[in-house]
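Single-structure report; data block below.
The values are calculated or read from the model by the stated rules, or taken from the named source; none is laboratory data. Since this is a predicted model, take the numbers as computed values, not measurements. Heads up, the Cβs are rebuilt from the backbone with ideal geometry, glycines too, and the neighbour counts pull from every protein chain shown. All accessible areas refer to the heavy atoms of the entire protein, side chains included, with ligands and DNA or RNA removed. Shrake-Rupley method; radii C 1.70, N 1.55, O 1.52, S 1.80 Å.
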Amino acid sequence: MGIFRNFVINFKSKDDCENYLIRSKDFYPSLKGMGMQNMTVCRLTEDSLLMFAVFNTDKDALAVIEKTSEWRKINRFEFLDIIVLDGKIETHYDFTELEK
């Protein structure tokens, strides 16, 4: 079924968060084909984001994280902290599919 990774990113400011969102719109589509099934980006506060991603395997997740980390270094994003939670997906319900 795959694995999930939750990321909470706390930025130093609202502007840093906005900058990240603007630049990520060009970057995240480049991850297609790397074993990531889907990704959702949510605004928690004006200066923090929650990202939820599903990967085929742990190896795929690590490859995406490595590429994303390099992109973050190149763009010199400044964070207060990043929290990561991950684990195996036990089940999945797609209610949009059930409604069709």
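Per-structure values
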| read-out | value |
| --- | --- |
| Complete set of residues in the stretch 34-46 that are open to solvent by 80 Å² or more (accessible area, probe 1.4 Å) and either of a type in the set (Phe, Trp, Tyr) or part of a loop (DSSP other than H, G, I, E, B) (or both) | GLU46 |
| Conditions (1) within 17 Å of ASN75 (Cα to Cα); (2) of a type in the set (D, E, K, R); (3) out of contact with any Asp or Glu (no Cβ under 8 Å at 6 or more places or on another chain); number of the one not met by LYS14 | (3) |
| Options LEU62, LEU49, LEU21; residue that is over 11 Å from the mean Cα position of the chain (by Cα), modelled with pLDDT of 95 or more and outside any loop (DSSP other than H, G, I, E, B) | LEU21 |
| Candidate set from the stretch 8-18 (those that are assigned to a strand (DSSP E or B) and open to solvent by less than 30 Å² (accessible area, probe 1.4 Å)); member that is farthest from HIS92 (Cα to Cα) | PHE11 |
| Residues of the stretch 53-78 satisfying the condition of being loosely packed, with under 15 Cβ neighbours inside 10 Å, touching a residue at least 24 places away in the same chain (Cβ under 8 Å) and not β-branched (Val, Ile, Thr) | ASN56, ASP58, LYS59, LYS67, ASN75, GLU78 |
| Selected residue [of a type in the set (Ser, Thr, Tyr) and touching a strand residue (DSSP E or B) at 6+ places or on another chain (Cβ under 7 Å)] from THR68, THR96, THR40 | THR40 |
